[in-house]
Amino acid sequence: MRLREQVAAACRKANRDEREVALMAVSKVHPAEAIIEAYAAGQRLFGENKVQEFQSKHEQLGSLEGANIHLIGPLQSNKTSKAAELFDAIDAVDALKIAQRLDTTATSLAKRLPILIEVKLSHEESKHGIAPAELSALLDAIAPLKFVEAVGLMTVPPWSEEPETARPYFRQLRQLRDEAQKLHPSVTQLSMGMSNDFIVAIEEGSTCVRIGTAIFGKRIYPAQQDQ
């Protein structure tokens, strides 16, 4: 896959082991058949944006052995139970209430549920996430939860055709992760970088790049409903 070669080349340029960087195929607004096709080609990590949309695909997917599917979009509190059931990880937690509700369901399922904390580093109203100043307190509050574990951070910088404009945001998230690790050693992951800026993200320490268009092409139908 040409994209995997690009990721590997970016890792070499940054003097990083390519095994440190996961490639997530963002399958939101693409049908289950697209996921199955990517799985057949060797892809195992997928990202979905909406609980209800993925629920409609879930039965069609059957049991894809070894597939790992994350929720990467913002999660409303009334969807936490179903999200905890359907997904292998939740990558966009931005409130203690959400983490607590996820933990309640995960506990009932005896299911370990890794989460990422979404940090808002831009001033765009459309972006989700907590303020950097709130990160430490949120991690402290999540730490005692039984089955939910914060394992990293994620962010979405303002979109730009120029990848370099994302670098300061990626660098800031890495610095926040490094600081958080002092008290929370499990916070190791950095989910940042998409189709247009993943090379810069890898250079700045990303451990997971989220690629949709470059894998599946342009979105072929609108998202069906909000979560």
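Some points to look at:
- Among GLU33, GLU161, GLU48, the residue with the largest mean-square fluctuation in a Gaussian network model of the chain, with springs joining Cα atoms closer than 10 Å, is GLU161.
- Here's how it looks for ALA92: its modeled amide H is under 5 Å from those of LEU116, which are all 5 or more places away or on a different chain.
- Footprinting exposure proxy for THR104, THR155, THR188, THR207 (fewest neighbouring C-beta atoms within 10 Å first): THR188, THR104, THR207, THR155
- Centroid-to-centroid separation of segment 185-200 and segment 64-137 [C-alpha atoms, Å]: 16 Å
- Listed residues ALA25, ALA14, ALA180, most fluctuating in the chain (Gaussian network, C-alpha, under 10 Å): ALA14
- Anisotropy class of segment 101-227 from Cα gyration tensor, a/c 1.5 cut: oblate
- With contacts taken as Cα pairs under 8 Å and at least 6 residues apart, the chain reaches a relative contact order of 22 percent.
- Computed [θ] at 222 nm, deg cm²/dmol, the chain (DSSP H ≥ 4; -39,500 (n - 2.57); rounded to nearest 500): -11000 deg cm²/dmol
- Spatial offset of segment 1-15 relative to segment 143-178 amounts to 20 Å, using the alpha carbon center of each.
- Burial ordering of CYS11, CYS208, fewest other beta-carbon atoms within 10 Å first: CYS11, CYS208
- For segment 107-227, the relative contact order works out to 21 percent when only alpha carbon pairs closer than 8 Å and six or more residues apart are counted.
- Given [x] 13.1; [y] 12.0; [z] 14.7, the label whose value is mean projected area of the Cα convex hull in nm² derived from this model: [y]
- Candidates ALA38, ALA83, ALA201, ranked by Gaussian network fluctuation over the chain, Cα under 10 Å, top entry: ALA38
- Listed by Cβ neighbour count within 10 Å, with the fewest neighbours leading, THR105, THR80, THR213 appear as THR213, THR105, THR80.
Computed from the coordinates by the stated procedures, all read-outs in this text should not be read as laboratory data. Note that the structure is a prediction, hence the values are computed from the model and not measured. Using ideal geometry, Cβ is built from the backbone for each residue, glycine included, and neighbour counts are taken over all protein chains shown.
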